[in-house]
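The values are calculated or read from the model by the stated rules, or taken from the named source; none is laboratory data. Here the structure is a predicted model, which means the values were calculated and not measured. Heads up, the Cβs are rebuilt from the backbone with ideal geometry, glycines too, and the neighbour counts pull from every protein chain shown. Keep in mind that these areas ignore ligands, DNA and RNA; they rest on the heavy atoms of the full protein, side chains included. Shrake-Rupley method; radii C 1.70, N 1.55, O 1.52, S 1.80 Å.
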Amino acid sequence: MENSTLRRWLVGILLLLIATGIAVSTEAYAKKELLSLYVSSPGNFSTAQRPYFTVSVKNITQLRVYIYKIRNPIKFFSSMKDPSRVPEDEFTGIPSSIYETATTLMDRMEDAFIKWRRSFFSYEFRKSILNMMHILGIKEKKRKRRKKSPAEIQREKQRYIKRFFSGQSLVSSWKINIGKKDNKWHYKRVFLSTRRKGVYLVKIVAAGKRVYTVIVISDITTISKTDYQKSVFFIADKFSGKPIEGATMYLLKNKKALRTGISNSNGIITYHFKGRKNRTFLIKKGKDYILVKPYAFEYVPYVLYFTTDRPIYKPGDTVYLKGFIKRMYEGGYRTPTNINNTVNVKIIDDEGTEVFKKEYKLDNMGGFNGTLHLPKEILPGYYMVKIKYRGYTFYNYLYVKFYEKPLYRITVNLPRKKVIQGNKIPVNINVGFYFGKPVVNAKVECRIYESRYSAPWWSKEAYGWIYANYYSAPQKLLGIVKGKTDKKGNFHIQIKTDKKPYNRTYVLQISARDTHGVIANKTATVQVYQSNTIVDIKPERFIFESTEDAKIHLKAVNLNGTPVGTQAEVFLYQYYWLKKGKKWVINKELVLAENQYIDSQKGLTIRYKGLKAGSYLIIVKSISKTGKVSYQGTLSMYPKVLYL
């Protein structure tokens, strides 16, 4: 009995120790993984700018910065696979052979023999010899090579890194205290002490991690345009904008720098190519360098016009599809002239399974058409239509969905969709069947939301309703009203509106549920205004020169949109950013205040003369029976000469 009890105690202690060890190791592993270090930089700076880089750390408090000046930028950039990135294994020139198997004298002799054999005998001859050996049952013997250990790889890697940095010029090095061990991201912008032209490599070391970024200080810049067959570069001085003649451009390809051209007297270099591929170029003029990576334009000589008889289908429906293929030429489109042109059409579901596949022959006008019968057991969702023609692929979509006509409909009757605050909003909700009979004792729930409404002047213009969601503030729930419909399917409520110093939108989200749980939904909106008078502020322009007169037009209308006359107070403020302590706040300074009358027919045009350069805020308070109601607008004044 005592032995069994002792045994249980020992097993329990052992399990506790194992669990504690696992927890400690897991916690240590998690802490190790939480250490993060990143560095980034805009890349190109002029000699008039302060070059900088940004460090991002997590759970790192101190780091070391090394600034190297690259002695040979052309060799430096050409040694990378992607010059826009600076991984350690690339810029240090570490060959891929380091990560391969170890090489001995026999390995090198075997490699030399294979190289000689490939150069002396043709591929067809070597292939025929291998086929004959396979027929005779003779197997080619290959020597097994020893794999390198991680320690060997690390030693060789460090040797290459040391060799690289020994060939560069160390400009400066210092320590930086940054961040806390609070498992949060901390950021710091670090400025370089030098503004001399050249290519600089920034090396950050912290907590056993190393990250790099490149900074180029140069007074030349370039604008590039690329189409499907050439790239055109314009090289100019950053300060004067004058073209630079004699700048050399190199194509960085396969870890080589290929000289591709020299800029002419207009600062232009043209590079012709074939095929879509992103290319990286390095432009050099004296001590100035600039790295350019223009986007490769994918040229598709054909255009597809494809349509179906409707955008949505039910399972079991028939899809009627039609398409036209046209070839693009200068000045327009033409019908493809090739004989026996065919188009492959596939329809694929979201799991990549082909639902339909067929080949169509183009007619004399480059068109095709067909039908597709959807199975009744097809799943609802989006289906991709993949159309392939002469190696080019085009895409379109179908939507399959189960649809049932709803049993009920909700009608919301609002006597007024625009009301003045302080008044009640009467709402009549009717729930009925689609064939006209009312739904009795249906459970109705009405959620009332409020959002601040401040429509800009362009909301009154043509197509202004498209942007309605952009000038509506987030919604706030005011309350929920519940009840049941009467014998006629009606449910009446009244919503109280309190007084606030701004206009609002009330959103009514209504849902009705019968005894069987069938639901119908409806949404309605009501605008709540401060008064019966609304002032529209419309500046002639939003940006004026300081030598011009700023013209502002004011117009007053009632809730029905009818122009009315009203007395108004107009305030002009200049606003700007002001630093208070460690925070920046917007400060308003009153420039002018005046009392004006807005005519019902002509409105009111105000001219502001002699305004200084800056940003201004206009606040108009219309005086009505309910008091003073504020409306505001903005404009900006700039000096005649802009210094960028």
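Observations on the model:
- Flag for residue 302 being open to solvent by less than 80 Å² (accessible area, probe 1.4 Å), in contact with a Lys or Arg (Cβ under 8 Å, 6 or more places away or on another chain) and either modelled with pLDDT of 90 or more or farther than 30 Å from residue 374 by Cα (or both): no
- When 420, 425 are checked against the criterion of being within 30 Å of residue 557 (Cα to Cα), touching a Ser or Thr at 6+ places or on another chain (Cβ under 9 Å) and modelled with pLDDT of 90 or more, 425 stands alone in meeting it.
- Selection within segment 398-433 - open to solvent by 20 Å² or more (accessible area, probe 1.4 Å), within 30 Å of residue 308 (Cα to Cα) and either touching a strand residue (DSSP E or B) at 6+ places or on another chain (Cβ under 7 Å) or part of a strand (DSSP E or B) (or both): 399, 401, 406, 407
- Screening residue 378 against (1) closer than 19 Å to residue 304 by Cβ; (2) modelled with pLDDT under 90 leaves a single unmet condition, (1).
- Identity of the residue in segment 257-290, among the small types (Gly, Ala, Ser) and over 24 Å from residue 199 (Cβ atoms), that ends up most open to solvent (accessible area, probe 1.4 Å): 265
- Selection within segment 208-253: residues that are among the small types (Gly, Ala, Ser) and assigned to a strand (DSSP E or B). The member of this set that is farthest from residue 195 (Cα to Cα) is 231.
- Qualifying residues in segment 341-396 (those that are surrounded by fewer than 15 Cβ atoms within 10 Å (Cβ to Cβ) and β-branched (Val, Ile, Thr)) - the one nearest to residue 318 (Cα to Cα): 371
- Boolean, residue 223 is free of Cβ contacts under 8 Å to residues at least 24 places away in the same chain and either within 30 Å of residue 176 (Cβ to Cβ) or under 27 Å from the mean Cα position of the chain (by Cα) (or both): yes
- Residues being open to solvent by 50 Å² or more (accessible area, probe 1.4 Å) and either at pLDDT 90 or above or in a loop (DSSP other than H, G, I, E, B) (or both) - total across segment 562-573: 2
- Scope segment 519-545; condition open to solvent by 20 Å² or more (accessible area, probe 1.4 Å), part of a strand (DSSP E or B) and farther than 30 Å from residue 498 by Cβ; matching residues: 519, 538, 543, 545
- Counted residues, segment 160-194 - those being surrounded by 12 or more Cβ atoms within 10 Å (Cβ to Cβ), polar (S, T, N, Q) and assigned to a loop (DSSP other than H, G, I, E, B): 2
- Residue match in segment 330-348 (condition: more than 29 Å from residue 229 (Cα to Cα), among the hydrophobic types (A, V, I, L, M, F, W, C) and modelled with pLDDT under 85): no
- Here 255, 274 are screened, and the one residue that is more than 21 Å from residue 42 (Cα to Cα) and touching a helix residue (DSSP H, G or I) at 6+ places or on another chain (Cβ under 8 Å) is 255.
- Test: residue 236 is within 22 Å of residue 76 (Cα to Cα) and open to solvent by less than 70 Å² (accessible area, probe 1.4 Å): no
This table checks each residue for (1) under 43 Å from the mean Cα position of the chain (by Cα); (2) at pLDDT 75 or above; (3) among the hydroxyl-bearing types (Ser, Thr, Tyr).
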site	(1), (2), (3)
111	no, no, no
114	no, no, no
126	no, no, no
137	no, no, no
145	no, no, no
169	yes, yes, yes
180	yes, yes, no
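- Segment 49-68, residues that are more than 29 Å from the chain's Cα centre (by Cα) and surrounded by fewer than 17 Cβ atoms within 10 Å (Cβ to Cβ): 61, 62, 64
- Any hit, segment 580-593, residues being of a type in the set (Gly, Ala, Ser), surrounded by 14 or more Cβ atoms within 10 Å (Cβ to Cβ) and within 24 Å of residue 623 (Cβ to Cβ): no
- Filter result for residue 304 (in a strand (DSSP E or B), in contact with a Phe, Trp or Tyr (Cβ under 7 Å, 6 or more places away or on another chain), closer than 28 Å to residue 220 by Cα and not β-branched (Val, Ile, Thr)): no
- All positions within segment 216-241 that are among the hydroxyl-bearing types (Ser, Thr, Tyr), under 27 Å from residue 202 (Cβ atoms) and either modelled with pLDDT under 90 or touching a Leu at 6+ places or on another chain (Cβ under 9 Å) (or both): 224
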